[in-house]
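Down below is the structure, laid out as structure tokens.
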Amino acid sequence: MTGADPLASKRVVLGVTGGIAAYKAVELCRRLVDAGAHVSPVMTEDATRFVGEVTFSALASEPVRRSLWGGPEPIPHTRLGQNADVVVVAPATARFIGCYAHGISDDLLTATVLATRAPVVVCPAMHTEMWEHGAVQDNLALLRRRGVVVVPPAQGRLAGGDTGVGRLAEVDDIVRSVRAVLGGPDAAGDLSGVKVVVSAGGTREPIDPVRFITNRSSGKQGHALADAAARRGARVVLVTTTERPVAAGVDVVRVDTAAEMEQAVLSAAADAGVVVMAAAVADFRAKAPATSKLSKADGVPDLVLEPTPDILAELGRRRRPGQVLVGFAAETDEVEDRARAKLGAKGVDLVVANDVAAPGAGFDHDTNAVTILGAGGGSTRVGLTSKEAVADAVLDAVAECLSAGPEGPDERGARRAR
Ligand code: CTP
């Protein structure tokens, strides 16, 4: 990292809630202090069952607080909230997330996050079943909509000995997110200063003014990619067909049809460093959509279809030197073979092979499993995990392509294969 550390001299409230990952908050506290931040730990009662207050007192520059009552200040939450440059909650339990989303402030930490105007970074950690529960996901969506930064949990061994999504994100990733929040999008992150265009959702091709042809895409994976790219410092333009919430700082262009998406993507891509086509673009549209509603009384309509423009292939033709292009291949059969064929056919650097028939993967799930295929023959398998974690894996591969330089996909691919 160049220049001053955005954490230097910043006042960080570190909220620690009651989960087994509370012990990792000790390392996080140390890292924040080492970076020059003034860290005020706020522990919930349950957190103290996992880690002792003394551990944080020994590391942090400010006293540990646990309660709204009995301390030296009469209203500690207002002072903590008003003075903070950033509030980081790690680990954040399902209960904390629920309280925060619904404005329930029954302890010092929940009162502090409601009392602050500073950015808040929430790092959930819980069992996979809880993480995937609709209540938790809806609460997080609500928080994201309000501008809260969520650092998604990773896949790995959980407290009960089983494996799944829900493990607290790596301390490195949390620190990186906090730096990005404090320093603005260009201050940190491996995509700092890179313009990233992401497309998301399924296009809608009109048949008449009330009917359209579409597909099952929910836009979740594309939105997760846009959010992750923004978190990693990129300037993000998201061209989407859905109304899903997006992270602060992402420029959103809402479109409906493949033609609208083509225009928006090609225009945004002209000066972009990276384009990720996660959208499920309809392959066919009605050749002559009716201008008035078709009536059943007129009999079965003769629906003549024509191909839509292949946006990704066009991007491949217009590619700027050094621009990284990523396609998705949503398949149900011979997934990797078909995906690999698209690498060459569309002239892209990476294709994310997505078996949309696999359990827990693909359309509308909060989880996904993919194989990221590179032009040079390399591949990275990402087992069933959150769409946020898949997004980060795709962006890891993108960052690798960017650092390989502007020699184009063939040479770049060949170099990676060597
Ligand atoms: N794509 C695109 N424009 C289209 C169709 C697809 O840009 N008209 C992009 C998608 O966003 C995705 C990639 O191309 O990144 C692969 O899409 P997919 O539908 O799987 O492949 P197709 O080329 O349409 O071929 P097929 O449907 O026959 O597999």
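Would you point out which residue out of A279, A272, A313 is within 13 Å of the ligand (Cβ to nearest atom), in the same structural domain as V236 (by TED's automatic domain parsing), out of contact with any Pro (no Cβ under 9 Å at 6 or more places or on another chain) and more than 24 Å from I207 (Cα to Cα)?
Testing whether each residue is within 13 Å of the ligand (Cβ to nearest atom), in the same structural domain as V236 (by TED's automatic domain parsing), out of contact with any Pro (no Cβ under 9 Å at 6 or more places or on another chain) and more than 24 Å from I207 (Cα to Cα) leaves just A313.
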Item to complete: Determine, yes or no, whether V89 is of a type outside the set (D, E, K, R) and touching a Gly at 6+ places or on another chain (Cβ under 7 Å).
Response: yes
- Message: Quick check on A330: is it in contact (Cβ under 8 Å) with a residue 40 or more places away in the chain, near the ligand (Cβ under 9 Å from one of its atoms) and either surrounded by 15 or more Cβ atoms within 10 Å (Cβ to Cβ) or in the same structural domain as A391 (by TED's automatic domain parsing) (or both)?
- Response: yes
Expected output for region 93-116 (first residue within 12 Å of T17 (Cβ to Cβ), partner of a type in the set (A, V, I, L, M, F, W, C) and in a loop (DSSP other than H, G, I, E, B), Cβ below 7 Å, 6+ apart or cross-chain) is T93/M126; A94/M126; D107/L68; L108/L68; T110/I104
Residues of region 238-262 being surrounded by 24 or more Cβ atoms within 10 Å (Cβ to Cβ) and either among the polar types (S, T, N, Q) or assigned to a strand (DSSP E or B) (or both), in sequence order, are L238, V239, T240, T241
Given the conditions (1) over 25 Å from S192 (Cα atoms); (2) away from the ligand (no atom under 15 Å from the Cβ), every one holds for A247 apart from (1)
- Task: Would you be able to say whether some residue in region 287-294 is polar (S, T, N, Q), more than 23 Å from N354 (Cβ to Cβ) and touching a residue at least 60 places away in the same chain (Cβ under 8 Å)?
- Result: yes
Of V275, V194, the only residue that is β-branched (V, I, T), under 16 Å from the mean Cα position of the chain (by Cα) and within 25 Å of L350 (Cα to Cα) is V275
Among the residues that make up region 315-322, is at least one of them loosely packed, with under 10 Cβ neighbours inside 10 Å and assigned to a loop (DSSP other than H, G, I, E, B)? yes
Residue hits (region 336-351; near the ligand (Cβ under 10 Å from one of its atoms) and more than 18 Å from E314 (Cα to Cα)) are R338
Take the conditions closer than 29 Å to A375 by Cα and surrounded by 14 or more Cβ atoms within 10 Å (Cβ to Cβ) and apply them to L303. Does it pass? no
### Query
Of the residues that make up region 370-388, is at least one more than 30 Å from L168 (Cα to Cα), within 15 Å of the ligand (Cβ to nearest atom), at pLDDT below 95 and in the same structural domain as V265 (by TED's automatic domain parsing)?
yes
Going through region 291-310 in order, the residues found to be within 16 Å of the ligand (Cβ to nearest atom) and out of contact with any strand residue (DSSP E or B) (no Cβ under 8 Å at 6 or more places or on another chain) are P309, D310
Of all strands (runs of 3 or more DSSP E) fully inside region 98-206, the set with 2 or more residues that are buried (at least 16 other Cβ atoms within 10 Å of the Cβ) and in the same structural domain as T385 (by TED's automatic domain parsing) is 195-200
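The values are calculated or read from the model by the stated rules, or taken from the named source; none is laboratory data. Note that this is a predicted model, so its numbers are computed, not measured. Cβ sites come from the backbone with ideal geometry, for glycine too, and all protein chains shown count toward neighbours.
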